[in-house]
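Everything on this sheet refers to the single structure shown next.
Bear in mind these aren't lab numbers, they're just calculated from the coordinates by the rules spelled out. As the structure is a computational prediction, the values presented were derived from the model and not from experiment. Cβ atoms come from the backbone with ideal geometry, glycine included; neighbour counts cover every protein chain shown.
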Amino acid sequence: MRILITAGPTREYIDDVRFLSNASSGRMGYALAAAALRSGHAVELVTGPVDLAPPAGCRVHRIETTDQLRETCVRLFPECDGVIATAAVCDYRPKQRVFGKITKTGQPIVLELTETSDVLAELGAQRGHRWVMGFALESQDPRTNAMRKLRMKNCSCIVLNDTSAIGSLSNSVEVLSPDAETIAEIRGTKDEVAQRLMELIETSIVR
């Protein structure tokens, strides 16, 4: 298979030096890329800014903003058999970006935000015969929110984890089906979780 994997954070710039983002390390996505390569698959890795070396053998596409993530994924997805969407997309961006650097005045400023593109929903709408594995990082009412995300974004399955995964070397996940059934519960290092998820894709997700 040829697998599209998204990893790491996106950034939304306030001005030329300041941006909104999150603390995603990219480790889960990079571990999945390595697991896919070990299993003999081709990998298109679309990665936000992280301090990791990509696994040898994958094609790397570096992005910063959510729009860049969207453009790259929409271009690559038709060539792929499925997508694993681990990227921690910045959900909001400034309504207006300032070009140059905002000068500090000692007074408060108001930052008006607008939602960014829903990349996973767009890929899910275009999936056709392909499979889509989404990730849901939830802290409140996790299963309900994860299932809502799965259905809204037309995923084949969703991997539920919580905020303890951010920046950690380990992870604990629950894989949910469109019928809200638990396909698997996996705990371990992110490398171990990635290997189990890849085995699950090969045996249960790909039809």
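Annotations
- Shown here for segment 1-100: chymotrypsin sites (Phe, Trp or Tyr not before Pro) in loop regions (DSSP other than H, G, I, E, B) with at most 13 other Cβ atoms within 10 Å, namely Phe99.
- Computed per residue of the chain from DSSP H runs no shorter than four, each worth -39500 (n - 2.57), the mean residue ellipticity at 222 nm is -7500 deg cm²/dmol.
- Farthest towards the positive end of the charge dipole of segment 1-144, among the residues Ser21, Gly8, Phe135, is the Cα of Gly8, using unit charges on the Cβ of Lys, Arg, Asp and Glu.
- Taking a ≥ b ≥ c as the square roots of the eigenvalues of the alpha carbon gyration tensor, segment 1-45 is prolate, as a/c is not under 1.5 and a/b beats b/c.
- Rounded to 10°, Cα long-axis angle of helix 142-152 versus longest principal axis of the chain: 90 degrees
- As a size descriptor, the averaged projected area of the C-alpha convex hull of segment 1-88 was calculated at 5.4 nm².
- Using a Förster distance of 25 Å, the FRET efficiency for Asn145-Thr114 (Cβ separation, nearest 0.05): 0.70
- If you wrap the Cα atoms of segment 28-153 in a convex hull and average its projected area over all directions, you get 10.6 nm².
- Tilt relative to the chain, helix 190-200 - C-alpha long axis, 0 to 90 degrees, to 10: 50 degrees
- Overall, the chain carries a charge dipole of about 340 debye about its Cα centre when +1 sits on the Cβ of Lys and Arg and -1 on the Cβ of Asp and Glu, all other atoms neutral.
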